[in-house]
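Rule-based calculations on the coordinates, nothing more; no lab input. Here the structure is a predicted model, which means the values were calculated and not measured. Neighbour counts are summed over all protein chains in view; Cβ atoms, including those assigned to glycine, are modelled from backbone coordinates with ideal geometry.
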Amino acid sequence: MSHRERTPSSFTELNILLAGHTNVGKTSLLRTLGRLSDFGEVSASPSTTRQIQPLPLIETDTLRITFFDSPGLEQTDPLLDRLTDSGESRHDHTRRLRALLDEPALQQVSEQELRVLRQALDCDACLFVIDAREPVLEKYLDELFILSRTGRPLLPLLNFTSTADSREAAWRDALRAQGHAVTVAFDAVVYDWESERRLYRSLAAVFPAAEAALDELIRIRSRETDWRLNAACEALAEGLIGLAAARHQADADDTAAMHAGREALAADAREREQRIIARILAAFSYNTEILGGALHEDVTDGRWQSDPLSAGTLRYYGIKSVGPVMSGLVAGGTVDIAAGGASLGLGALTGGLIGAGLAGRQRLRVAMDRFARGLETLMLNESVLRLIGMRNLQLIAQLQHRGHASQQGVAPAARPADAGDLFRKGLPRPLLQARDAPQWAVSEDRADHSQDKAICRLRDELIAELTTPRTGIPGNREADSP
């Protein structure tokens, strides 16, 4: 670990190598750690990574941490034979290894392995990545043995531990037998912040000199992870508030105007949801050109395919469409005509809605418009709002736990079971309030949106509900300190 004086406080630079056999997921793991979907090249073909590739993980005024991707180890037998012969300096492993790097006989047969070892000697520590789905074979243990001869802190990392065919227990036993008391599991496909934090803490356990730097990394990455979740939930909250408040008025006796109003409202709803998903994917750095469009069976190229105003879509997501409470009709099952029961008389209508709460007050206003001005008010049916809220919240929950190594679409069985429960039986209170405030139907892209204190308060209340433990996507505020 190198130190340089920049200010009265020291500057720490930490370089960490990722090494391991071919196709164990080193590049995929760095994509997930770096939150970068386009780092390196990921392929099922062997030896995809041919050169050493740096990934700056973090840089501040006092700290720089860089991870290095490396080619896969394959031809280690010649190196192992030379390291274990009975030559001189058999107790000075690093010196013997350095001497081997320049041996002409090894340049051809172990060129790639020598490149990795040179980088390991230039780094401060090494993570040895293991595909936990593979059986415990001598060749993998030999690679680990050779890397241990660099004299650098060495942490075995088990990748792909979330699969049914993982051999994690067998690998942990074998590594303990080799003297590696500290081993960490980190799955590049199924991301979890706690696993990432455990990785840094385990690295500090084998590399105590870097503990302060890794603690700072944990604090910074925890805040970043929370920010990504909050950015996604903010996109959903603002979009839902705008959808809940959106309405269109037309002359109740003008059939053409009523039809045009419904079409305009429907088009606005579809477009708003597309903006929601675009912002969610941007928050999680999801690049469809690199990771493919198979994010979700209902998402293609970053866009929802099924119409949120379709009765078939509502049935598919298990949402029962119902009409407005107390008054009104339903047009097409997805757009409320919030009429006002003029045949009852305004006095009777007003008395019937007193004490009905938020929904009642909203119905009273549109009823008075209908009674006094002959205007029909059209709003999105509550079931549409619930659908948009449910499926986008489920998507956020999935992305929160999806590593950048994953290139598989979200299957129905893989969706977090409880992520959509917030919208299964009704609307959260902030959205009921938005239904009563047409002035909040501003575009979430407008600059003045953030200046409206009432909208900001409502948005923050809704974000708090979206990120509670019962939705399955709580934030990391409790994990701010290591």
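Which order results if Lys26, Lys453, Lys139 are arranged by neighbouring Cβ count within 10 Å, fewest first? Please report the intermediate quantities before stating the final value.
Working: Lys26 31, Lys453 8, Lys139 13.
Ascending number of Cβ neighbours within 10 Å: Lys453, Lys139, Lys26.
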| task | For a footprinting-style exposure proxy, rank Trp227, Trp304 by other Cβ within 10 Å, fewest first. | result | Trp227, Trp304
| Scaled radius of gyration (Cα, divided by 2.2 N^0.38 Å) that segment 161-253 gives | 1.86
